[in-house]
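What follows is a short report on a single structure.
The values are calculated or read from the model by the stated rules, or taken from the named source; none is laboratory data. The structure displayed is predicted, hence computed values, not measured ones. Here Cβ is always computed from backbone atoms with ideal geometry, including for glycine, and neighbour counts include all displayed protein chains. Accessible surface areas use protein heavy atoms only, side chains included; no ligands, DNA or RNA. Shrake-Rupley method; radii C 1.70, N 1.55, O 1.52, S 1.80 Å.
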Amino acid sequence: MPGDAGESAADAASRAGGVGAGGPPAPEAEAEAAELLPFLAPGARADLQAAAARHVLALTGSGPGRTLLAGQAALLRALAALAAAPAPAPARDAARALVNLAADPRLHEPLLAAAPALPARLLGRALDPQWPWAEEAAAALANLSREPAPCAALLEALAAAEPGEAGLGLERLVRALCTPGYNARAPLHYLAPVLSNLSQRPAARAFLLDPHRCVVQRLLPLTQDPDSTVRRGGVVGTLRNCCFEHRHHEWLLGPEVDILPFLLLPLAGPEDFSEEEMERLPVDLQYLPPDKQREPDADIRKMLIEAIMLLTATAPGRRQVRDQGAYLILRELHSWEPESDVRGACEKLIQVLIGDEPQRGMENLLEVQVPEDVERQLQELDRREQEQCQREQQEQQCQQELSPEPRSEGAAPT
């Protein structure tokens with residue numbers, strides 16, 4: 001048995017940990033890493049298996065370590081099996097190692113080649129309401145599904161998990177995400193970025209936007225989830241991807257869904273509007289309390305703005321967004337916004353709302369054919385704008401380093 005080997009898992013792992021700072025791993029390092037394999041196999045002594053899993057997890061914390069493991073197909077297969085194995089197997093450390101490995105897009109191909117069933121295996125554990133490490137499984141899926149091939153494999157796994165009516169697998173995922181306490185031992189925040197990644201696929205968007213399933217309506221309250229930036233960001237990313245489907249804009253903005261207040265509310269602050277302006281706003285955005293806080297995450301604020309921008313792609317959409325007072329919220333956001341790239345996105349949306357309507361035949365901005373020379377000019381402008389944003393951010397960082405905020409005596413750094 002592996003547990004009776006003359007060398008412990010810790011001894012083998014400590015030698016395998018000697019990976020160079022750069023370049024391909026040395027042959028001796030690969031051989032030493034392979035020596036961990038017997039300790040990860042089913043039937044290995046529990047303490048040695050746990051030690052081997054810990055050392056593999058440590059290897060995944062560095063680029064050279066991940067490169068080393070990428071060439072160990074048998075070890076990756078053992079790790080995938082261990083991540084779904086019942087106690088006393090060290091499933092948590094194995095799953096956390098997969099989270100780190102899946103965070104590197106270069107490792108997706110060797111991971112899936114070694115363990116083709118990995119997306120289905122992780123999905124089963126992530127959606128198991130009794131599995132204690134479901135959050136780790138969901139986090140590994142969130143990293144793995146960012147790339148097209150693993151994302152497609154996950155969508156296939158969802159379909160296979162619930163054969164019969166189309167979309168039942170996605171329905172299980174949405175139900176787990178939207179049901180408080182679905183898993184008493186795992187919050188499942190990372191199911192939101194999994195759903196966001198899946199929503200890049202047309203089949204997933206077709207499910208999400210099916211008027212008979214009420215999926216979008218269940219997701220909307222999570223844009224204000226106070227417990228997790230990961231959950232809010234994943235849900236907002238999903239909604240933004242859904243807004244690319246302009247044929248559904250009328251439904252999304254209409255009374256059945258009424259998406260706009262849910263996109264604007266996180267962008268709203270405690271501003272005191274005049275009575276006339278207040279009446280232009282949706283009820284949920286009127287008379288907000290003086291302690292109302294905007295969404296603290298800049299990336300999420302930008303995705304919210306991008307979602308609204310997509311909803312303005314058609315003339316009816318622009319009219320509805322204008323009529324619901326979006327300009328008022330965006331005007332105040334622009335005055336407050338500290339991040340230059342988010343402020344730039346806000347400016348573009350404001351220009352769409354206050355600018356003239358496009359000429360006849362170009363009302364749908366998502367279907368306008370842009371000449372190649374104009375597209376190149378726009379790309380160049382975007383590049384310059386991004387460079388300007390980066391310069392401003394660097395200047396802000398330098399100013400913060402040169403002029404740190406004073407701390408009261410004895411206060412701990414935040």
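Residue 157 - would you say it is buried (at least 17 other Cβ atoms within 10 Å of the Cβ) and modelled with pLDDT of 95 or more? Here the answer is no, as residue 157 does not meet what is asked. Restricting 333, 311, 328 to those that are over 22 Å from residue 252 (Cα atoms) and either of a type outside the set (A, V, I, L, M, F, W, C) or modelled with pLDDT of 90 or more (or both) reduces the list to 333. In this structure, is residue 87 among the small types (Gly, Ala, Ser), at pLDDT below 95 and farther than 19 Å from residue 230 by Cβ? Judged against the criteria, residue 87 is a match. Among the residues of region 284-305, those identified as assigned to a helix (DSSP H, G or I) and either surrounded by 18 or more Cβ atoms within 10 Å (Cβ to Cβ) or more than 30 Å from the chain's Cα centre (by Cα) (or both) are 285, 300, 301, 302, 303, 304, 305.
Can you confirm whether residue 105 is under 19 Å from the mean Cα position of the chain (by Cα), surrounded by fewer than 16 Cβ atoms within 10 Å (Cβ to Cβ) and touching a residue at least 24 places away in the same chain (Cβ under 8 Å)? Here the answer is yes, as residue 105 does meet what is asked. When residue 261 is tested against (1) surrounded by 15 or more Cβ atoms within 10 Å (Cβ to Cβ); (2) not in a helix (DSSP H, G or I), just one condition goes unmet, and that condition is (2). Being open to solvent by less than 60 Å² (accessible area, probe 1.4 Å) and over 30 Å from residue 67 (Cβ atoms) holds for only one residue in 171, 136, and it is 171. For region 178-205, the set of residues classified as within 18 Å of residue 226 (Cβ to Cβ), surrounded by fewer than 18 Cβ atoms within 10 Å (Cβ to Cβ) and small (Gly, Ala, Ser) consists of 181 only. Residues of region 81-91 that are part of a helix (DSSP H, G or I), surrounded by fewer than 24 Cβ atoms within 10 Å (Cβ to Cβ) and within 24 Å of the chain's Cα centre (by Cα): 91 alone. Within region 71-80, the set of residues being open to solvent by 30 Å² or more (accessible area, probe 1.4 Å) and of a type outside the set (Lys, Arg) comprises 71, 73, 74.
If you check 232, 218, 205 for being among the basic types (Lys, Arg), under 23 Å from residue 148 (Cβ atoms), assigned to a helix (DSSP H, G or I) and in contact (Cβ under 8 Å) with a residue 24 or more places away in the chain, only one passes: 205. When each of 153, 94, 142, 176 is tested for being closer than 20 Å to residue 68 by Cα and in a helix (DSSP H, G or I), the lone residue that passes is 94. Scanning region 52-74 for residues that are part of a loop (DSSP other than H, G, I, E, B) and in contact (Cβ under 8 Å) with a residue 40 or more places away in the chain yields a count of 4. Annotation: residue 224 fulfils all but one of (1) open to solvent by 40 Å² or more (accessible area, probe 1.4 Å); (2) more than 23 Å from the chain's Cα centre (by Cα); (3) of a type outside the set (Lys, Arg); the unmet one is (2). Answer with yes or no whether residue 328 is touching a Leu at 6+ places or on another chain (Cβ under 7 Å), part of a helix (DSSP H, G or I) and buried (at least 16 other Cβ atoms within 10 Å of the Cβ). Criteria met by residue 328.
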